[in-house]
Amino acid sequence: MYIDTLFSIFALIAIAGSLGLVLFRHPMQSALCLAVTMISLAGIYALLSAKLIFLLQLIVYAGAVMAMIVFIIMFLNLREKDLPEERERFTYLIGGAVLLIPVAWFMIKVMKSIPGVKNSIVGNGFGSIKELGQVLFTNWLVPFEIISLLLLVTLVGAVVLAGIRRESND
Amino acid sequence: MIEDYLVLSVILFCIGILGVISRRNVFTVLMSIELMLNAANLAFVAFARLNETMDGQILAMMVIAVAAAEAALGLAVIILLHRQKGRLDSNVFSLLKG
């Protein structure tokens with residue numbers, strides 16, 4: 001089936017990108033690896049017939065958030081001597097892997113025990129904007145309002161953080 | 001099968017945890033947290049497809065909004081810390097030690 005083939009390709013690209021994020025030394029290379037991971041995850045959302053989430057992943061994550069992170073990294077103009085030394089990072093990496101592999105193995109066992117279905121593209125407006133909006137504004141109205149409050153607090157917080165610096169400079 | 005998507009989400013989440021605990025560059029730590037949020041999103045969307053309800057996709061949308069807010073504020077804080085200390089090492093930023 002072509003869905004399984006596409007999923008394997010996207011999953012391999014996503015895992016390779018996330019490994020690159022952890023292993024590369026310069027944050028610019030890590031950011032580009034993370035962008036690759038996010039774009040391949042968008043493909044996986046499309047395979048799961050989540051059309052709106054696919055769009056949001058591409059526009060908000062791969063577009064806005066990654067552009068902001070890359071902009072800040074280039075804005076700080078990091079050179080090789082500005083990076084932290086991280087001589088012990090492979091020790092931490094191996095130690096963390098030793099700790100995490102049993103947890104991950106257990107989680108994978110749990111996931112495999114779920115009675116699964118064969119993935120196929122679902123039609124009938126599943127995951128499209130209209131249906132998702134109807135669910136959002138009927139069953140999930142209060143969380144939606146809380147999210148809007150969170151975005152307002154973020155906006156005010158960013159303005160306050162930028163304002164403090166200006167007053168201290170004058 | 002749907003379980004493969006959940007297994008991929010577990011793998012990505014564990015790689016994100018490894019990035020948080022093994023790196024000291026604040027940018028890489030922030031991006032590893034973003035990767036963990038993405039893995040949680042993938043689990044939400046996979047369960048939404050498994051049950052054929054759309055509540056999981058709504059939750060994924062909310063996680064995306066929270067991640068955007070977190071990136072905006074986190075990057076602002078990183079710029080201020082870099083102005084003050086001139087470093088990007090997360091060990092330098094342990095200001096609450098007294």
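For (1) out of contact with any strand residue (DSSP E or B) (no Cβ under 6 Å at 6 or more places or on another chain); (2) facing chain B (nearest Cβ under 10 Å); (3) in a helix (DSSP H, G or I), each residue gets a yes or a no:
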| position | (1), (2), (3) |
| --- | --- |
| A:114 | yes, yes, no |
| A:122 | yes, yes, no |
| A:150 | yes, yes, yes |
| A:156 | yes, no, yes |
| A:162 | yes, yes, yes |
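Please go through segment A:12-39 and give me each residue that is crowded, with 21+ Cβ neighbours inside 10 Å and in contact (Cβ under 8 Å) with a residue 60 or more places away in the chain, ordered by number.
A:22
Test residue B:58 against the criterion of being of a type in the set (Val, Ile, Thr) and crowded, with 19+ Cβ neighbours inside 10 Å, and give yes or no.
Numbers: of a type in the set (Val, Ile, Thr): yes; crowded, with 19+ Cβ neighbours inside 10 Å: yes.
Yes; evaluated as a whole, the condition is true for this residue.
Kindly list the number of the only condition in (1) touching a residue at least 24 places away in the same chain (Cβ under 8 Å); (2) farther than 17 Å from residue A:34 by Cβ that fails for residue A:113.
(1)
State all residues of segment A:48-95 that are surrounded by 18 or more Cβ atoms within 10 Å (Cβ to Cβ), facing another protein chain (nearest Cβ under 8 Å) and of a type in the set (Gly, Ala, Ser); if no residue qualifies, say none.
Once the filter is applied, which keeps residues that are surrounded by 18 or more Cβ atoms within 10 Å (Cβ to Cβ), facing another protein chain (nearest Cβ under 8 Å) and of a type in the set (Gly, Ala, Ser), segment A:48-95 yields A:49, A:50.
Given the conditions (1) at the interface with another protein chain (Cβ under 8 Å from one of its Cβ atoms); (2) without any contact (Cβ under 8 Å) to a residue 40 or more places away in the chain; (3) surrounded by fewer than 17 Cβ atoms within 10 Å (Cβ to Cβ), which single one is not true for residue B:97?
(1)
Can residue A:42 be described as buried (at least 16 other Cβ atoms within 10 Å of the Cβ) and facing chain B (nearest Cβ under 9 Å)?
Numbers: buried (at least 16 other Cβ atoms within 10 Å of the Cβ): yes; facing chain B (nearest Cβ under 9 Å): no.
For residue A:42, the condition - buried (at least 16 other Cβ atoms within 10 Å of the Cβ) and facing chain B (nearest Cβ under 9 Å) - is not met.
For segment A:11-65, enumerate the residues that are out of contact with any helix residue (DSSP H, G or I) (no Cβ under 7 Å at 6 or more places or on another chain) and small (Gly, Ala, Ser).
Once the filter is applied, which keeps residues that are out of contact with any helix residue (DSSP H, G or I) (no Cβ under 7 Å at 6 or more places or on another chain) and small (Gly, Ala, Ser), segment A:11-65 yields A:16, A:63.
Could you list, in sequence order, the residues of segment A:124-148 that are more than 9 Å from every other protein chain (Cβ to nearest Cβ) and not in a helix (DSSP H, G or I)?
A:124, A:125, A:128
Taking segment B:17-39 as the region of interest, how many residues are among the small types (Gly, Ala, Ser), within 7 Å of chain A (Cβ to nearest Cβ) and farther than 17 Å from residue A:83 by Cβ?
Residues that pass the stated criteria total 0.
Got a sec? Which of A:3, A:9 is in a helix (DSSP H, G or I) and in contact (Cβ under 8 Å) with a residue 40 or more places away in the chain? Before the answer, list the steps.
Values: A:9 fails: in contact (Cβ under 8 Å) with a residue 40 or more places away in the chain.
Unique residue meeting the criteria: A:3.
Bear in mind that the values in this text are calculations on the coordinates, not laboratory data. Everything numeric in this text was worked out from a predicted model, so none of it was measured. No Cβ is skipped: glycine too gets one built from the backbone with ideal geometry, and neighbour counts run over all protein chains shown.
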